[in-house]
Amino acid sequence: MPSEETKERIFKAVELGRTVIHYGWIPFIIYIGYSRSNPQPSLIKLISPLA
Amino acid sequence: MAAYPPSLSTVEPAIASPAPSSSASKSSNVFHRIASWRYSLGLPNPGSVENLQKEVKSTLLTNFFFDGGRADLSKSLSVNPIFQVTHSFALGSQTAAPSYNFGAVFANNSVFLQGSVDHEGNVNGRLNQGWSANNVTKAQCQLSSQVGHSMLQAEHDYQGQDYSVNVKAINPSPVDATGIYMASYMQSFTKNLALGVELLHQRPAPDMTETAASYLAKYTGTDKNWIATAQLQPAGMLQATYWQKLSEKVEVAADLQVIAAPGRRDAIATLGTKYDLRMSTFRAQLDSTGKVSALLEQRFAPSFAFLVSGEIDHFKNAAKVGVGVMIESPSMTPEEMNSMMQMSMPPTPPQ
């Protein structure tokens, strides 16, 4: 059984990971897609629904 | 090249020379004979437990119905690897609040990444990593700024020659191992019949555990144009489905859900049909709660589709109507798109 301190640390790490995924997941996919696409699209087409 | 012959020479004697202990060789011999006998039966893979009712779900209207107004603007930015962004707007639904949703998909032959975020900042994410053709690890999450609405699910799928295995963990906690854990196994017994079992282990608190098993059966017609499934869940729940492909363009499906718990007896039957025409898809459905519904998906051009849906609840005397448009705007000109398509087939991401 982990000690209270370890538990606290794991809990904080999980919270941090959750926050990172929450704000980083969509930018991560866009970055991966943008950098690997063939041919590379223009940025405005990526974001705007009308362009 | 230089490393290849030496590695071969180290492997070969291990196979050719008799194993040191005779009991080990005997048991491995038995194992090989069973494996080759099993292989000679030529049983098909039964499909994963998750996809048990895939055909029925894609034929019935339940998962496609919407009401109010809807617009989906999707942009395909790359064909190989697949890269798409989608803007979805929904308005005027009787059941859901108006919403805006942005989605992004990236996929190649081994990775599938999907994410969507709505106007309230809730993020849905999905990641499939295919290690080989029949080994896929999946992760799914729902992240919300509200406390207690987040969900994380990790699973691994293995499709054997005549069986499928899946293990899944929902919200596992590394501190006290609370969460929901699921394991399922499905095995083909004849060319048509497959049976399976799914174990659900719930651990909402460290000192509270609950395990339940549900049983599955799937019977596929010999020429694969009809499928019947049954799923018996704990607490007296039974779901039976039947799906048949009547012709190239017409599919029908029936679904029966029975709850026979002490103190609660209920059943719902649903009957649906799907027509896949050249430029449109039409689904119609009738269920035993008195609902009649239909959905027409009409493509006017390859990149423009128009959707109309309607539902009448005859017992409650209520109706719902929905209209929607789906616009796909390619980032390339049609000529560029065609040449790209000829150059490289779109990848098939792990599902």
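Here are the numbers:
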read-out	value
Residue match in region A:38-45 (condition: surrounded by 13 or more Cβ atoms within 10 Å (Cβ to Cβ) and more than 9 Å from chain B (Cβ to nearest Cβ))	no
Selection count, region A:17-37, where residues are polar (S, T, N, Q) and at the interface with chain B (Cβ under 9 Å from one of its Cβ atoms)	2
Criterion violated by A:R36 - all others in (1) farther than 17 Å from B:F83 by Cα; (2) at pLDDT below 90 satisfied	(1)
Failed item, numbered, when B:A235 is tested on (1) within 22 Å of B:T289 (Cβ to Cβ); (2) in a strand (DSSP E or B); (3) more than 19 Å from the chain's Cα centre (by Cα)	(2)
Any chance B:A183 is modelled with pLDDT under 95, small (G, A, S) and assigned to a strand (DSSP E or B)	no
When residues of region B:109-126 are limited to those that are in contact (Cβ under 8 Å) with a residue 60 or more places away in the chain and surrounded by fewer than 19 Cβ atoms within 10 Å (Cβ to Cβ), the one nearest to the other protein chains (Cβ to nearest Cβ)	B:V111
Residue within region A:6-28 that is closer than 25 Å to B:F83 by Cα, among the small types (G, A, S), in a helix (DSSP H, G or I) and at pLDDT 90 or above present	yes
Elements of type helices (runs of 4 or more DSSP H) contained in region B:1-113, each with 3 or more residues being modelled with pLDDT under 90 and among the aliphatic types (A, V, I, L, M)	B:4-16, B:22-41
One residue from B:Q146, B:Q129 being assigned to a strand (DSSP E or B), within 14 Å of chain A (Cβ to nearest Cβ) and under 30 Å from A:R9 (Cα atoms)	B:Q129
Residues satisfying the stated conditions in region B:265-283, i.e. without any contact (Cβ under 8 Å) to a residue 60 or more places away in the chain, among the charged types (D, E, K, R), assigned to a strand (DSSP E or B) and within 17 Å of B:F306 (Cα to Cα)	B:D276
Matching residues in region B:58-68 - criterion: being surrounded by 17 or more Cβ atoms within 10 Å (Cβ to Cβ) and either within 14 Å of chain A (Cβ to nearest Cβ) or not aliphatic (A, V, I, L, M) (or both)	B:T59, B:F64, B:F65, B:F66, B:D67, B:G68
Condition check for A:T19: exposed (fewer than 14 other Cβ atoms within 10 Å of the Cβ) and in contact with a Leu (Cβ under 9 Å, 6 or more places away or on another chain)	yes
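The values are calculated or read from the model by the stated rules, or taken from the named source; none is laboratory data. Predicted model, so just to flag it, every value in this text is computed and none were measured. Note that each Cβ is placed from the backbone with ideal geometry, even for glycine, and that neighbours are counted across all protein chains shown.
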